[in-house]
Amino acid sequence: MKNKTEALAVALRGVSYAIDAEGGTRTLLHEMNMSIPQGQWLAVVGSNGSGKSTLAKLMAKLYSATTGMVVHGDAAAGGCRPYVGIIFQNPDVGMIGETVYEDVRFGLDNYGFRPEEAGRLAMDALERVGLAPLADMPAAQLSGGQKQLLQAAGCLAVQPEVLIFDEATSMLDLMSRQHLLHAARKLHGAGTTVIWITQLLDEVAASDRVVALQAGEMVFDGSKEAFLYPQNGEEASVCESLGFMPPFVVQVARKLMERGMQLHPLPTSVEELGRAVGQWR
Amino acid sequence: MMMAEPGAGSGNRAEETGITLEHVSVCAGDKGRGQRAEPLLQDIHCHIAAGSITLIAGAAGSGKTTLLQTIAGLTPLSRGAVRYGADSLWMEGGRLHPLHASIGIVFQYPERQLFAESIEKEFRYSLRPYRLSKTVQGERIQRALARMGLPEGILKESFLTLSEGQKRKAALATTLAAEPRWLLLDEPTAGIDPQGIAPLIDCMLEQKAAGGGIVVVSHDLDTFLPIADRLLVLHGGALAAEGTPQELLANPRLWLETGIGLPSALHLTVLLRENGIDCDRIPLTAEEMADRIVERKERAVHPLQAGPTPAAATDGNSAGRSLAFARAESSSPLKAAGPAAKQARTASRGTTARVAAARIVRDLHPIAKWLIYVLLSAAVLMQHSWAGIGAAGLITGGLVMLSGVAYRSLRRPIKPFLYFIVLSVAISGIGITLAPDSWRLERIYFSTEAAAETAGLLIRFLFVMIMGVLLAVTTGLKGMQAAMEQALSFLERLRIPAAPFAFAATMLMRFLPRLFQEMDRMAIIVQARGKFQTRRGALRLRELPVFLIPFLLSMMKYAEDLSLTLESRGYQMKRWRRAGSVPLPWTRREWIGVAAGILLFAVFYMWH
């Protein structure tokens, strides 16, 4: 992520965001600087009101920064495509179209794709998130998880360079969360930059990089291992010092390490821990 | 299982004070006029013990929240009974037993139910139904604040100035202040501040230690499985399995088939098993899991030291496991009943002719429908004689039949108007005569003539309204929008963009059902907090702020989310015409429809 000369996806240059509040203004995000290279999976974590969602909307240019600048990288050719797609938290708000297919078409039509092409792209996007068999179903009848997949399909149909998941899993059950993560992983594998905003720390397992926010400031920027595990003989990990409970897997791994077991690499997902433990035999 | 708690003084009574659900079924909506209401809960039969924590798991839409609200007495039963100890929660005449005051329910995102100008008033509101003295109220508020680790200074503050984490704690504390014997929690960790989880768990354990019962609905299984005594698994509104966490975790298939997914502890155990590390019991805490892994590893290194202990553990658990398997199997007939029931439903759906008629009405060009609507409305409004109004009624009734629109979707908008008619007719009929040269009342009488005139007028409006509802219900939003864009397209020749108008109107229509949903949700919350006995959905005037403030906040949030969504999906108001919107066809069917409308209009006009 450092020494390679990767192209830039999104950069924040001294970005602050403030809103009017009682007796002056309230700053939700302070002087944020960061650059996200193309193809990265960035996880943004933080508690309620830490500025995660504000950051997402700034990156998508849905909010405009009070000071500083949000820079988007150079989009590949193909004029009508938007640069950023964003999947929101509430599955019920995202849907505009009546049927699953029409909902995907909505974005395509807005961005001025030609009808023949739009039809193909819509079905292709539904195929990729696994909703193609439900294309003619009324969108309102989908489950919460399926609605989030539909939002994702609507975003990826218009082929943005960057996909932002703004706490998209917070209202979902375990299995739907896994489905959405799986869909995101496939897109990431195909080269899309993913910005995954969450409060559920087991979801950082998929990321290349973790950024933690607290009260509108960036308090951590590094690898998921450095976030979840104590570094350099310290007592607590960054994640704990921010008041988060480490995911179950990390808790188990740390207990194992306390008992003198060696774990390399440090596991962040159930699969990784299972593999590491299996190798001991 | 039950611990005798001297403090609560109900140790041995715990068994008889548990909650029993007896074959409980709940159906959505009303069951008027042959409506086939979709069952939300089917034949739930189980016991929930006091002094324990019961976790309800299930995929989204499996009926978890409905079950919790049913236990709280917020949802009327279609069949079956809910008992607290020996007492039925519902009494004769659809009233709740006074024991419902001992139930405290915390809704999903409880911070969104706050309304008062200070947290203290929030507490006073929640405590009002209990008729406590000021001092007792004060003590309880103090205790609740202490339990949630909130400072006393918070009482004077408005919820608008609190952080999200504090709001959540304050809302929880208002329920705790009532010191409910039963604490029902709906997704208490969804969107919670991570720092808020530990105090929440402590609070649940305290409640249990004091002999109270806790029922928690959650998909955050990693957090709640370690403290749950008992587990209810729902699938499609039916109870798929129940037992201790160990019993149900012994069967990974259950978790996959019900669409819940594997909790981390179970997932890890499954992976360990594949790697030859067998755990008889699923270790639910990280500590236990690590112990188990280390134990196995050491045994792998020194195989001779493998003692007889694990075998004993297997024996102890096999009963639970087979029970879970048996349960999981017995649940499959329930699942099989699904398609059969669906078939029966389609079979009873009336003749094919009516279905065909309904389809024609649905597919008719929206502009044709609108023209017919305008013609018929004018025809109806023209009628002054009772015969004419009767004929208008017949026409309206015919249209309702023809369109195949469910009675339920008509009822909601029509009902308030019916009340309005009755009231207006009653008032307009009342006549007062004053004595000459004074304000003394001489005579109060009821004039049927005046009342009939009002009735005639309003009934005609009712018919027009019903037809309007039919128009809206039978026309999909997309169709409505396309038609409006088409009809207004002449504006574009005048360089006025028509598409945004049409779209805005369509989005407004989309807003309405959301509005009703949100009203229903808030009404239930207000009912639970106020502990009063009214039918669901009915509100008392003084509860208005309790209802209105969170409702408006939530609708504002929705509007903001919606506008962000639209923007992010490329909808711009300045666009003239969206690419790819195909004009709807205008065929002979449309001409016939409009001609029929003109004919009816003509007939009515002549008659009038």
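Positive end of the dipole of region A:8-220 (Cβ unit charges, origin at the Cα centre): among A:113, A:138, A:64, the Cα lying farthest that way belongs to A:64.
What Kirkwood Rh does region A:8-220 have if only Cα atoms enter the pairwise 1/r average? Answer in Å. Kirkwood radius, region A:8-220: 17.6 Å. Taking Cα centre as origin and charging only the Cβ of basic (Lys, Arg, +1) and acidic (Asp, Glu, -1) residues, the dipole magnitude of chain A rounds to 600 debye. Per residue of B:557-568, other chain Cβ atoms within 10 Å of the residue Cβ number 6 on average. The residue list A:229, A:42, A:181 was ranked by how far each Cα lies along the charge dipole of chain A toward its positive end, using unit charges on Cβ atoms, and A:229 comes out on top. If you take all other residues with their beta carbon under 11 Å from the beta carbon of residue B:433, and give Lys and Arg +1 and Asp and Glu -1, the sum is +1.
Computed extension gain for residue B:355 through residue B:418, at 0.36 nm per residue and net of the alpha carbon distance, reaches 19.8 nm. Counting Cβ atoms of other protein chains within 10 Å of each Cβ in A:47-53 and taking the mean gives 4. Helix A:115-129 and the longest principal axis of the C-alpha atoms of chain A enclose an angle of approximately 30°.
Positive contributions from Lys and Arg (+1) and negative ones from Asp and Glu (-1), summed over other residues with Cβ under 11 Å from the Cβ of residue A:255, come out at -1. As a calculated quantity, the FRET efficiency between residue B:97 and residue B:517 at R0 = 35 Å, using C-beta atoms, amounts to about 0.75.
By the gyration tensor of its Cα atoms, with a ≥ b ≥ c the square roots of the eigenvalues, what is the shape of region A:138-216: rounded for a/c under 1.5, prolate for a/b over b/c, or oblate? Oblate.
Quick check on my link table: of B:121/B:156; A:52/B:557; A:224/A:255; A:57/B:557; A:61/A:186, which ones sit more than 20 Å apart, alpha carbon to alpha carbon? Pairs exceeding the cut-off: A:61/A:186. Taken one residue at a time, the phi angles of region B:167-173 give Karplus couplings (6.51, -1.76, 1.60, θ = phi - 60°) of 4, 4, 5, 5, 5, 5, 5 Hz. Gly and Pro are set to x. Quick one: grab the alpha carbon gyration tensor of region A:58-122, order the square roots of its eigenvalues as a ≥ b ≥ c, and give me rounded if a/c is under 1.5, else prolate or oblate depending on whether a/b is larger than b/c. Because a/c hits 1.5 or more and a/b fails to exceed b/c, region A:58-122 counts as oblate. For the listed peptides B:462-471, A:141-150, a ranking on the average number of other beta carbons within 10 Å per residue, highest first, reads A:141-150, B:462-471.
The label-point distance for residue A:236 and residue B:548, in a model that sets each label 7 Å from Cα toward Cβ, rounds to 4.5 nm. Near the amide H of residue A:164, under 5 Å away, which other amide H atoms are found, from residues 5 or more places off or on another chain, if H is placed in the peptide plane? When sequence neighbours closer than 5 places are left aside, the close amide H contacts are A:85, A:86, A:87, A:195. Here region B:189-297 is treated with +1 on each Lys and Arg Cβ and -1 on each Asp and Glu Cβ, and its dipole about the Cα centre works out to around 220 debye. A DSSP coil position with no more than 16 other Cβ atoms inside 10 Å describes the following trypsin sites (Lys or Arg not before Pro) in region B:61-137: B:95, B:131.
Solvent-accessible surface, computed for protein heavy atoms with a probe of 1.4 Å, shrinks by 50 Å² or more for the following residues of region A:257-281 when the other protein chains are added to the isolated chain: A:259, A:261, A:270, A:277, A:281. Would you mind getting me the FRET efficiency between residue B:28 and residue B:394? Use the beta-carbon distance for r and R0 = 51 Å, nearest 0.05. Computed FRET efficiency for residue B:28 and residue B:394: 0.95. Dipole magnitude for region A:25-138: about 540 debye, using +1 per Lys or Arg Cβ and -1 per Asp or Glu Cβ, origin at the Cα centre. The mean number of partner chain beta-carbon atoms within 10 angstrom of a residue's beta-carbon across peptide B:164-174 is 1. Per-residue Karplus couplings for region B:354-361, computed as 6.51 cos²θ - 1.76 cosθ + 1.60 with θ equal to phi - 60°, are listed in order as 5, 4, 4, 4, 4, 5, 4, 4 Hz, Gly and Pro entered as x.
Model label points for residue B:450 and residue B:435, set 7 angstrom from Cα along the Cα-to-Cβ axis, are 2.1 nm apart.
The local environment of residue B:119, defined by Cβ-Cβ distances under 11 Å, has a net charge of 0 under the rule Lys, Arg +1 and Asp, Glu -1. Between A and B, roughly 5200 Å² of accessible area is buried in total, ligands, DNA and RNA not counted and the probe set to 1.4 Å.
The values are calculated or read from the model by the stated rules, or taken from the named source; none is laboratory data. Since we're looking at a predicted model, the values are computed, not measured. FYI the Cβ positions are ideal-geometry reconstructions off the backbone, even for glycines, and counts take in every protein chain you see. The protein model used for the area step is the full one, side chains on, heavy atoms only, and it has no ligands, DNA or RNA in it. Shrake-Rupley method; radii C 1.70, N 1.55, O 1.52, S 1.80 Å.
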